[in-house]
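Here is the structure we will look at.
The values are calculated or read from the model by the stated rules, or taken from the named source; none is laboratory data. As the structure is a prediction and not an experimental result, all values here were calculated from the model. Cβ sites come from the backbone with ideal geometry, for glycine too, and all protein chains shown count toward neighbours.
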Amino acid sequence: MNKKSGNQTITFKEPVSILSCASVAGKKEGEGPLSKYFDKIMSDAEWGEETWEKTESKMQKTALSRAVEKAKVDLKDIDFLFAGDLLNQCTSSTFAFRGFGVPFLGVYGACSTMAETLGLASSMIDGGFAQKTAAVTSSHFCTAERQYRFPLEYGGQRPPTAQWTVTGSGAVVLGKSGGQGPFVTHFTAGKIVDAGISDANNMGAAMAPAAAETLVAHFKDTERTPDFYDLILTGDLGKIGKSIAIDLCGEQGFDLAPCYKDCGLMVFDLQKQDVHSGGSGCGCGAITLCGYVMDCFRAGKLKNVLFVGTGALLSPTSSMQGESIPCVAHAVALSANRE
């Protein structure tokens, strides 16, 4: 049975059920507009740990443990765990789950990781290789700044295009059957797109072309139009990137504006919180999806959602060598109905 639609999209013949979700958010994120949707809000950046990297691992462990508890399953019931983060060698994820005893598949999609792990975890179930899987990701403002830009002690001026890396983690438990949904119905894998931007403080502009490429591919592959969805949600394009994505999709004949939001503009209050162009990071899309979006599904406020994780595939080495920033975006379609 051919499950591929068009060039880039997998259509799950038996939609995969989201059994539960959980989110852990940082203190600053807990002061933002979505605070009531998070399972846990951290008291500070350290959260009782010696290093920020250990804190990020603790965030992932807490998010997955809470999601497993909510799904009323045991860790041993998880056939495969897909997880990743922003740090070199995905150390937050690796050290988080080294004692969990669950088959582990590390994923690096930068800030697209929530969508990528969801798509891969769903594919494993749809292919008949697993009954239950989990998808987890995280980011931490302090760990990301230390790796990608300047030490926090440096106190450098942030340009208006800069975004604030979200401190947060999201976890999803998926199953072949059971649960009330929502359900993962499609997975559109993105292509690498390089717009030639090399400024690590202008991620939104760098990622927007990749987001547009994946969105257009999804619409063409599925023969859907934007108005099919109650909500189209990108992970972390921020104020500048969102505007560019709207323009690029519009040029292809797809009007996103009526139903399009960006997680980077939802997590923080841009008027009251000093985050410049908005939020970013793996955790940005993760806590918005696992918190706000899932709550809206449960309340019957949403029926169809297209979640597009957006990722900048740079590294400290590539940036220091003056390389441009290749980007990718992956999309998962979610529905309140199994059909």
Count - residues of the stretch 146-180 that are assigned to a loop (DSSP other than H, G, I, E, B), modelled with pLDDT of 85 or more and under 30 Å from Thr133 (Cα atoms): 3
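So, of the residues in the stretch 219-241 that are farther than 28 Å from Leu270 by Cβ and in contact (Cβ under 8 Å) with a residue 12 or more places away in the chain, which turns out to be nearest to the chain's Cα centre (by Cα)? Reasoning before the result, please.
Let us first name the residues in the stretch 219-241 that are farther than 28 Å from Leu270 by Cβ, namely 219-225, 228.
In the following step, the residues that additionally are in contact (Cβ under 8 Å) with a residue 12 or more places away in the chain were identified as 219-222, 225, 228.
On the way: Phe219: 20, Lys220: 23, Asp221: 22, Thr222: 22, Thr225: 22, Phe228: 21 Å.
Here the residue is Phe219.
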Restricting the stretch 194-205 to residues that are crowded, with 19+ Cβ neighbours inside 10 Å and either among the small types (Gly, Ala, Ser) or within 18 Å of the chain's Cα centre (by Cα) (or both), the residue that is farthest from Gly241 (Cα to Cα): Met203
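Could you list all residues from the stretch 26-45 that are of a type in the set (A, V, I, L, M), over 19 Å from Cys142 (Cα atoms) and more than 18 Å from the chain's Cα centre (by Cα)? Spell out how you get there, then give the answer.
Restricting attention to the stretch 26-45, the residues satisfying the condition of being of a type in the set (A, V, I, L, M) are 34, 41-42, 45.
Of the ones still in play, those that are also over 19 Å from Cys142 (Cα atoms) are 34.
Matches in the stretch 26-45: none.
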Residue ID - nearest to Asp262 (Cα to Cα), chosen from residues in the stretch 203-218 that are touching a Gly at 6+ places or on another chain (Cβ under 9 Å) and not aliphatic (A, V, I, L, M): Gly204
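In the stretch 73-89, which residues are part of a loop (DSSP other than H, G, I, E, B) and either touching a residue at least 24 places away in the same chain (Cβ under 8 Å) or under 24 Å from Cys111 (Cα atoms) (or both)?
As a first pass, look at the stretch 73-89 and keep what is part of a loop (DSSP other than H, G, I, E, B): 73-74, 78-79, 85-87.
Answer for the stretch 73-89, where residues must be part of a loop (DSSP other than H, G, I, E, B) and either touching a residue at least 24 places away in the same chain (Cβ under 8 Å) or under 24 Å from Cys111 (Cα atoms) (or both): Val73, Ile78, Asp79, Asp85, Leu86, Leu87.
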Residue among Gly241, Gly253 that alone is assigned to a loop (DSSP other than H, G, I, E, B), at pLDDT 95 or above and out of contact with any Pro (no Cβ under 6 Å at 6 or more places or on another chain): Gly253
Number of positions in the stretch 218-238 that are assigned to a helix (DSSP H, G or I), out of contact with any Cys (no Cβ under 8 Å at 6 or more places or on another chain) and under 26 Å from Tyr292 (Cβ atoms): 5
Test: residue in the stretch 34-42 that is farther than 30 Å from Asp126 by Cα and among the small types (Gly, Ala, Ser): yes
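Step by step: first the residues of the stretch 244-287, then only those that are polar (S, T, N, Q) and under 22 Å from Thr113 (Cα atoms), then the one that is surrounded by the fewest Cβ atoms within 10 Å (Cβ to Cβ). Which residue is that?
Of the residues in the stretch 244-287, the ones polar (S, T, N, Q) are 252, 271, 273, 277, 280.
Narrowing the set further to residues that are under 22 Å from Thr113 (Cα atoms) leaves 277, 280.
Working: Ser277: 27, Ser280: 33.
Looking at the filtered set, the residue picked out is Ser277.
This table checks each residue for (1) touching a Phe, Trp or Tyr at 6+ places or on another chain (Cβ under 8 Å); (2) hydroxyl-bearing (Ser, Thr, Tyr); (3) farther than 15 Å from Ala171 by Cβ; (4) in a loop (DSSP other than H, G, I, E, B).
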position	(1), (2), (3), (4)
Thr91	no, yes, yes, no
Phe100	no, no, no, yes
Tyr108	no, yes, yes, yes
Cys111	no, no, yes, no
Met124	yes, no, yes, no
Glu69 in a helix (DSSP H, G or I) and crowded, with 19+ Cβ neighbours inside 10 Å: no
Test result for Ala63, in contact (Cβ under 8 Å) with a residue 12 or more places away in the chain and in contact with a Cys (Cβ under 7 Å, 6 or more places away or on another chain): no
Condition check for Ser43: of a type in the set (Ser, Thr, Tyr), touching a Lys or Arg at 6+ places or on another chain (Cβ under 9 Å) and surrounded by 21 or more Cβ atoms within 10 Å (Cβ to Cβ): no
Pairs, first within 17 Å of Leu270 (Cα to Cα) in the stretch 21-34, second of a type in the set (Asp, Glu), C-beta under 9 Å, six or more apart: Gly26/Asp44; Lys27/Asp44; Glu31/Asp269; Gly32/Asp269; Pro33/Asp269
